[in-house]
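Below you'll find the structure, written out as structure tokens, and then a few comments.
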């Protein structure tokens, strides 16, 4: 039953996100980026996993470009149908689209021993408790479970927030959600 509910929320929120004009998404992304940059946890973080915003997600490329020389930045690289690895980003200009069309670094400098301080998480829907719904493949839940001590911050437009999301035992929540209108501290 939760899968059916999650799929309905996923489809509804994808539609809501796509209804936002590119200008609105751009401005909201700028506001969200400013809020993230103002957080002491972001200022102190050295090893940060970002996602590359595509298909109407909160844009992260401006942040990636700004902090590439100041922090150790990583992006997900799809390894197989269930897993991605954090891979060190050397240049945002040398990204190649994966099988889902998402730009990623070449498989090479994958994270092995270095602990991540901060993981920036995408999503289609979030609630104020930190629950999230992604694209439904479970990549982030499996990855986040490997980093229980890293701070997990979801980025979302206000329109992506819902009152309550169903949870499965394997779902991993985020610690904080930043929207264009609010910062939610979850837990």
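The values are calculated or read from the model by the stated rules, or taken from the named source; none is laboratory data. Predicted model, so just to flag it, every value in this text is computed and none were measured. No Cβ is skipped: glycine too gets one built from the backbone with ideal geometry, and neighbour counts run over all protein chains shown.
For the reader, a short list of remarks on this structure follows.
- Residue check, residue 5 buried (at least 20 other Cβ atoms within 10 Å of the Cβ), out of contact with any helix residue (DSSP H, G or I) (no Cβ under 9 Å at 6 or more places or on another chain) and more than 19 Å from residue 86 (Cα to Cα): no
- Residue check for residue 82: within 17 Å of residue 139 (Cα to Cα), surrounded by fewer than 12 Cβ atoms within 10 Å (Cβ to Cβ) and touching a strand residue (DSSP E or B) at 6+ places or on another chain (Cβ under 8 Å): no
- Looking only at segment 130-155, and only at residues there that are part of a loop (DSSP other than H, G, I, E, B) and touching a helix residue (DSSP H, G or I) at 6+ places or on another chain (Cβ under 9 Å), the one that is surrounded by the fewest Cβ atoms within 10 Å (Cβ to Cβ): 136
- Residue match in segment 92-101 (condition: part of a loop (DSSP other than H, G, I, E, B), surrounded by 14 or more Cβ atoms within 10 Å (Cβ to Cβ), modelled with pLDDT under 90 and out of contact with any strand residue (DSSP E or B) (no Cβ under 9 Å at 6 or more places or on another chain)): no
- Criterion applied to 89, 61 was being free of Cβ contacts under 8 Å to residues at least 60 places away in the same chain, buried (at least 17 other Cβ atoms within 10 Å of the Cβ) and closer than 23 Å to residue 117 by Cα, and the one residue passing it is 89.
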